[in-house]
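K.L.:
Here it is, the structure, as structure tokens.
Coordinate-derived values only; no laboratory data. Quick caveat: nothing in here was measured; it's all calculated off a predicted structure. FYI the Cβ positions are ideal-geometry reconstructions off the backbone, even for glycines, and counts take in every protein chain you see.
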């Protein structure tokens, strides 16, 4: 096989995989995992069954790829919200961006409601930490450098803040009144950060 043919084959494979992830995201977001069939994904993506199983060995593995993609996008939104702000303001803005994302029904289904039963709690937390924990830890390291939190507890604090904000997001996803839950979640996260971060020295 020529190098050009090999490159074309790889590009076709990447295109097929992307179409499957896009179709899976649309259907998992609209219908939820259980109500989404492999046949519906194939039809939406315009891909043959063999093409799907070349990239994903099951509906669960496709969901895992979609979950990975959406969490990465949320992490980018959080980073964008925090950009250009001082570390404390950036941390607050990032937390608000995550809670705002949790108002989206697609995010609710893919990131907050279905993962525990589909991929399991450990994988769910692994992906969350993979995309989010490093940035959160760096924010807390900067805050610690200014003397506003204890520097020797940054790693554990990063895990605890991430878990707290994720729990607030899950509360929004399960609430009968998401707007009220968002307001309560944001107030609670603000309270947590107020208690965690001491005022700057004068």
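K.L.:
Roughly how large, in nm² to one decimal, is the mean projection of the convex hull of the alpha-carbon atoms in region 57-126?
P.N.:
If I average the Cα hull's projected area over directions, I get 4.9 nm².
K.L.:
Please work out the ratio of the alpha-carbon Rg of region 1-97 to 2.2 N^0.38 Å and round it to two decimals.
P.N.:
1.42
K.L.:
Tell me the mean residue ellipticity at 222 nm calculated for the chain from its helices only (DSSP H runs of n ≥ 4, each -39500 (n - 2.57), averaged over every residue, nearest 500).
P.N.:
-23500 deg cm²/dmol
K.L.:
Shape of region 105-170 from its Cα gyration tensor (a ≥ b ≥ c, root eigenvalues): rounded if a/c is under 1.5, otherwise prolate when a/b > b/c, or oblate?
P.N.:
Prolate, because a/c is 1.5 or more and a/b exceeds b/c.
K.L.:
To the nearest 10 degrees, how steeply does helix 154-174 sit against the main Cα axis of the chain, on a 0 to 90 scale?
P.N.:
It is inclined by approximately 60 degrees.
K.L.:
Follow-up. For the chain, calculate the relative contact order in percent as a whole number, restricting contacts to Cα pairs under 8 Å that are 6 or more residues apart.
P.N.:
20
K.L.:
May I pose another question? Starting from the 7 Å offset along Cα-to-Cβ, what nm value, one decimal, do you get for the label separation of residue 15 and residue 121?
P.N.:
Taking the two extended label points, one gets 4.4 nm.
K.L.:
What is the projected area of the convex hull of the Cα atoms of region 50-177, averaged over all directions, in nm²?
P.N.:
Approximately 8.8 nm², given one-decimal rounding.
K.L.:
Name the shape class, rounded, prolate or oblate, that the alpha-carbon gyration tensor gives for region 99-138, where a ≥ b ≥ c are the square roots of its eigenvalues, rounded holds for a/c under 1.5, and otherwise prolate holds if a/b is larger than b/c and oblate otherwise.
P.N.:
oblate
K.L.:
Could you list the square roots of 5 times each eigenvalue of the Cα gyration tensor of region 1-57, that is, the equivalent ellipsoid semi-axes, sorted largest first and rounded to whole Å?
P.N.:
Ellipsoid half-lengths, sorted descending, are 26, 10, 8 Å.
K.L.:
In what sequence do 155, 104 fall when counting other Cβ within 10 Å, fewest first?
P.N.:
Sorted ascending by nearby Cβ count, the order is 155, 104.
K.L.:
Right, something else. Specify the residue with the greatest mean-square fluctuation among 127, 99, 85, computed from a Gaussian network of the chain linking alpha-carbon atoms under 10 Å apart.
P.N.:
Result: 85 has the largest fluctuation of those listed.
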